[in-house]
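Each remark here refers to the structure printed beneath this line.
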Amino acid sequence: MDQLEIIESQSIFILREAYRGFKQLVMLWSIGKDSTVLLWLARKAFFGHVPFPLVHIDTSYKIPEMIEYRDRFAREWKINMVLGRNERALAEKQTYPDGNATRLECCRLLKSEALKHTLSGEWPRWILNHETGEYDRTEGGEPYTGVIVGARSDEEGSRSKERYFSPRDRHNDWDVGDQPPELWNQFKTDFAPGTHVRIHPLLDWTELNIWEYIERENIPIIDLYFDKGKGERYRSLGCAPCTSSVRSCSTRVQDIVGELRSGKFSNIAERSGREQDKEDGGGLESLRLDGYM
Amino acid sequence: MSIVVIGHVDHGKSTVIGRLLADTDSLPKGKLADVKAQCARNARPFEYAFLLDALKDEQAQGITIDSARCFFKSSKRHYLIIDAPGHIEFLKNMISGAARAEAAVLVIDAKEGVQENSRRHGYLLSMLGIRQVMVVINKMDLVNYDPQVFETIKRDYLEFLGKVEIEATFFLPVSAMEGVNIAENTPALAWFQGPTVLEALDQFEKEPAPVDQVLRFPVQDIYKFTESGDDRRIVSGRIETGAVRVGDEVLFLPSGKRSTVATVEGFNLPTQVSAHAGQSTGVTLTDQVYIKPGELMVRADQRPPQVGSQLKVNIFWMGRQPMVQDKRYQLKLASAKVSVWLREVENVLDASDLTTDSNRRQIERHDVAECILETVKPLAFDLSSEIAATGRFVIIDNYEIAGGGVVLASVRSKVNRVTERVDQREKNWRRSDITPANRAMRYNQKSTLVLLCGPADTGKGDLAKALEEKLFCNGRLVYYLGLSNSLMESDTDLNTSSDRDEHLRRLGEISHMFTDAGLILIVTVSGLDDYELEMVRTLNKPHDDFIVNVGENLFSDAKIDLQIDTLEHRAEAIEEIERALAARKHLVEYYL
């Protein structure tokens with residue numbers, strides 16, 4: 001087995017372990033390459049099916065093509081698609097683009113808070129109705145106890161300390177000093193009432209692995225990652241106001257693989273285009289402690 | 001290849017890795033400069049360890065708290081390096097890091113020499129099954145690169161490793177701080193002829209997936225996505241050893257069910273006819289046998305695993321509470337999860353100095369103990385010396401993984417917790433002079449436990465109620481014990497903490513009281529398996545039982561007294577049960 005086959009097998013194993021262990025299981029889908037690979041791995045693990053809902057936190061500032069792409073594949077792959085958002089912060093314009101919050105505060109309100117309350121079921125959820133193609137607003141869902149996330153160890157420091165199965169307490173807190181042991185592929189699938197677990201099937205993947213896998217499997221990835229003639233493309237996707245493109249003429253997956261393997265990006269950090277990281281001295285640790293993915 | 005770096009606290013593990021990343025140009029552009037600038041801002045000397053100790057607490061305290069993963073590439077291959085903490089407080093983090101490694105680098109401080117955790121970590125490597133080990137004697141700059149110091153430590157540690165049966169592939173002197181002998185050797189170590197750390201890493205061998213061994217396919221789950229229009233019933237899991245092909249006759253253990261592989265399934269893959277060790281796959285079967293997640297699929301023509309409920313094991317304990325006798329824990333081995341009890345502690349080892357103590361009754365945190373475990377149901381496993389993947393397990397205490405262990409032997413014993421419990425009960429039970437025969441004569445019936453079993457949702461509860469009513473109206477002393485099915489949730493769900501066996505044990509005890517009092521007791525249990533049935537029957541002894549199966553027969557071998565295929569005609573089913581009970585003289589048809 002080559003390296004991709006080994007990490008693919010491990011990720012599938014973890015997804016199946018999660019599905020077996022958690023009744024209220026969801027996967028977060030940011031539309032980016034990592035969580036799209038994760039979604040593909042779920043279809044591998046469950047032989048073409050996705051037997052749990054996908055949650056997307058809609059900040060309303062996402063690049064418009066992302067929303068189009070999301071809804072197209074949600075319909076095509078018959079996905080139980082769930083949206084969450086911070087209605088109040090948006091109504092009160094407590095955002096960075098409105099000039100009423102720093103980038104980090106904006107992230108916390110539109111992503112962390114929205115995520116926390118969508119997972120807990122306290123805030124409304126918008127669920128894709130496959131018959132009408134519209135999202136129906138629902139109130140008061142069950143809390144999700146297992147949350148599958150596409151974090152990778154090589155993204156930044158604090159992520160390299162994550163477990164495959166990582167418990168969060170009632171307040172969404174991550175106790176980094178006291179994480180459960182994981183050995184011989186036995187993970188924490190037992191949990192006390194009121195707690196939930198984050199599951200990280202992509203922990204052992206690098207950015208290069210992600211692209212190599214997209215190439216091998218021919219995964220229909222969003223085309224924002226490719227240059228469309230302007231000599232620029234996105235390397236990492238987020239909200240439009242805080243995500244900048246990189247100079248690159250890659251128009252195909254194999255071009256990107258080349259760039260990462262030995263070309264211009266082989267030793268430049270992936271998140272260098274994400275402005276909010278630079279405001280937090282401890283990398284993303286503060287946001288992660290707060291539930292940010 | 002994944003490599004773990006371990007050793008005593010402050011011996012410089014993170015520094016060795018930081019240096020390795022820097023010297024092989026594996027850091028993102030600007031990272032080194034950033035960390036240096038950050039150190040300058042905070043007026044503290046730069047350390048290579050800061051490249052890895054990413055958490056704020058770690059940088060503040062200058063120690064590694066949790067295992068970190070990082071990636072680097074030599075000219076030969078890609079590496080995943082796991083930096084494990086050396087502080088005793090974070091031993092479980094070290095274990096988590098080491099358990100997923102294929103080889104280990106053990107770092108010893110030249111000035112401090114072999115310390116407590118140098119030994120403890122060394123011992124744990126042997127238990128975790130890591131066979132490729134490199135010992136790095138670091139901080140040689142602090143002892144002026146003196147070859148004598150290196151040789152002394154090497155001799156000390158070799159002696160220790162010999163006792164725990166580990167053969168170190170390399171002993172290397174280095175100074176990570178000064179970058180000596182990490183990626184290249186320098187004149188300071190002119191006397192040393194061996195490889196650099198980097199060269200030594202490249203000499204480790206990647207172990208091939210064990211495809212040539214016998215098949216061990218732990219069943220992780222059985223999928224059927226009928227609601228999405230997919231009728232395949234796919235037995236899924238990751239193959240630990242061996243290979244399986246379409247047409248192979250397979251055996252599921254411990255249930256003992258047999259079938260033949262019809263197809264090998266996959267998504268976005270060409271049609272496959274086989275799957276092998278390392279692959280997460282799925283197969284469909286020609287006969288739809290009833291099996292549960294947690295069973296071990298093996299090939300019928302190959303050496304079978306052990307099946308038993310008493311195991312001699314070596315356990316490493318990480319729990320805050322000690323492991324004690326008479327407390328129920330959960331054991332997870334491959335995909336199986338089962339309740340387990342500590343039966344006996346044979347001896348306890350202090351891994352930091354290899355002293356043993358054979359008078360202990362419980363296992364304390366950080367102890368390594370040889371002991372006997374008893375599972376409530378038989379388990380399929382291998383000895384760890386034969387097949388590592390199905391010969392090791394973890395113990396869950398109060399939702400947490402609290403211990404890890406390897407199986408040394410299978411123990412054959414006639415006594416177990418249930419028979420011991422029955423013996424004890426019979427010894428302590430003060431019976432009056434009214435005999436079961438007296439009661440039978442008075443009540444016109446011979447007491448029995450009527451157990452209605454089979455799959456869930458077949459209407460067993462309604463049948464039980466109607467049966468009770470019919471017998472009651474006929475003047476029998478009868479009671480329907482209506483235990484909610486939710487109490488009996490199947491323990492194949494990893495998430496519920498397996499209270500089912502405890503409820504079944506109580507059910508057995510309660511049944512014994514009712515039957516001892518001379519009653520006919522009616523109980524329903526869904527999804528009962530052979531071993532659970534045996535436990536309930538044993539606990540109800542010496543009284544009789546009458547086993548009615550409704551719907552599909554889920555048992556492997558257990559003998560049932562009456563099979564009812566459907567409850568469409570409930571009145572007929574009740575009459576059938578009555579006739580059978582009468583035939584066995586439970587319902588006496590004449591009056592004295």
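The table below lists the values:
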{"quantity": "Single match in A:Glu212, A:Glu162 (criterion: within 14 Å of chain B (Cβ to nearest Cβ), crowded, with 21+ Cβ neighbours inside 10 Å and at pLDDT below 85)", "calculated": "A:Glu162"}
{"quantity": "Entirely in the range B:337-426, the strands (runs of 3 or more DSSP E) that have 2 or more residues that are open to solvent by less than 10 Å² (accessible area, probe 1.4 Å) and in the same structural domain as B:Gln321 (by TED's automatic domain parsing)", "calculated": "B:368-381, B:392-397, B:400-410"}
{"quantity": "Given (1) open to solvent by less than 10 Å² (accessible area, probe 1.4 Å); (2) modelled with pLDDT under 90, number of the condition B:Ala209 does not satisfy", "calculated": "(1)"}
{"quantity": "Odd one out for A:Val37 among (1) open to solvent by 10 Å² or more (accessible area, probe 1.4 Å); (2) within 14 Å of chain B (Cβ to nearest Cβ); (3) in contact (Cβ under 8 Å) with a residue 12 or more places away in the chain", "calculated": "(1)"}
{"quantity": "Members of the range A:1-36 that are part of a loop (DSSP other than H, G, I, E, B), touching a strand residue (DSSP E or B) at 6+ places or on another chain (Cβ under 6 Å) and closer than 18 Å to A:Trp211 by Cα", "calculated": "A:Trp29"}
{"quantity": "Contacts under 9 angstrom Cβ, first residue in the range A:1-28 being within 7 Å of chain B (Cβ to nearest Cβ) and farther than 30 Å from A:Ala114 by Cβ, partner assigned to a helix (DSSP H, G or I) and aliphatic (A, V, I, L, M), 6 or more apart", "calculated": "A:Phe13/A:Ala45"}
{"quantity": "Any pair with Cβ under 6 angstrom, 6 or more apart, that starts in the range B:427-448 at a residue that is surrounded by 10 or more Cβ atoms within 10 Å (Cβ to Cβ) and of a type in the set (Val, Ile, Thr) and ends at one that is assigned to a loop (DSSP other than H, G, I, E, B) and at pLDDT below 90", "calculated": "B:Thr448/B:His586"}
{"quantity": "Top-ranked residue of the range A:80-123 - restricted to ones that are among the β-branched types (Val, Ile, Thr) and within 17 Å of A:Leu25 (Cα to Cα), ranked as surrounded by the most Cβ atoms within 10 Å (Cβ to Cβ)", "calculated": "A:Thr118"}
{"quantity": "Count of residues meeting criterion [more than 12 Å from A:Leu237 (Cβ to Cβ) and either of a type outside the set (Phe, Trp, Tyr) or outside the structural domain of A:Val149 (by TED's automatic domain parsing) (or both)] in the range A:28-55", "calculated": "16"}
{"quantity": "Whichever residue in the range B:478-500 is crowded, with 18+ Cβ neighbours inside 10 Å and at pLDDT 60 or above and, among such residues, is farthest from B:Ser447 (Cα to Cα)", "calculated": "B:Ser498"}
{"quantity": "Residue satisfying condition, being in contact with a Ser or Thr (Cβ under 9 Å, 6 or more places away or on another chain), modelled with pLDDT of 75 or more and among the aliphatic types (A, V, I, L, M), within set B:Ala98, B:Ala49", "calculated": "B:Ala98"}
{"quantity": "Test: residue in the range A:138-146 that is away from chain B (no Cβ under 12 Å), in contact with a Leu (Cβ under 9 Å, 6 or more places away or on another chain), open to solvent by less than 10 Å² (accessible area, probe 1.4 Å) and under 27 Å from A:Glu17 (Cβ atoms)", "calculated": "no"}
{"quantity": "Unique residue being open to solvent by 40 Å² or more (accessible area, probe 1.4 Å), at pLDDT below 80, within 17 Å of the chain's Cα centre (by Cα) and within 13 Å of chain B (Cβ to nearest Cβ) when the list is A:Leu284, A:Leu289", "calculated": "A:Leu289"}
{"quantity": "Hey, B:Thr281 free of Cβ contacts under 8 Å to residues at least 60 places away in the same chain, within 14 Å of chain A (Cβ to nearest Cβ) and more than 20 Å from the chain's Cα centre (by Cα) or not", "calculated": "yes"}
{"quantity": "Tally, over the range B:501-531, of residues that are in a loop (DSSP other than H, G, I, E, B), open to solvent by less than 10 Å² (accessible area, probe 1.4 Å) and among the small types (Gly, Ala, Ser)", "calculated": "1"}
{"quantity": "Pair list, Cβ under 6 Å, 6 or more apart: the range B:8-37 residue within 11 Å of another protein chain (Cβ to nearest Cβ) and among the basic types (Lys, Arg), other residue open to solvent by less than 30 Å² (accessible area, probe 1.4 Å) and in a helix (DSSP H, G or I)", "calculated": "none"}
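The values are calculated or read from the model by the stated rules, or taken from the named source; none is laboratory data. Just so it is clear, the structure is predicted and the values come from calculations on it, not from any experiment. As a convention, Cβ positions derive from the backbone with ideal geometry for all residues, glycine included, and neighbour counts pool all protein chains shown. The accessibility values were calculated without ligands, DNA or RNA, using every heavy atom of the protein model including side chains. Shrake-Rupley method; radii C 1.70, N 1.55, O 1.52, S 1.80 Å.
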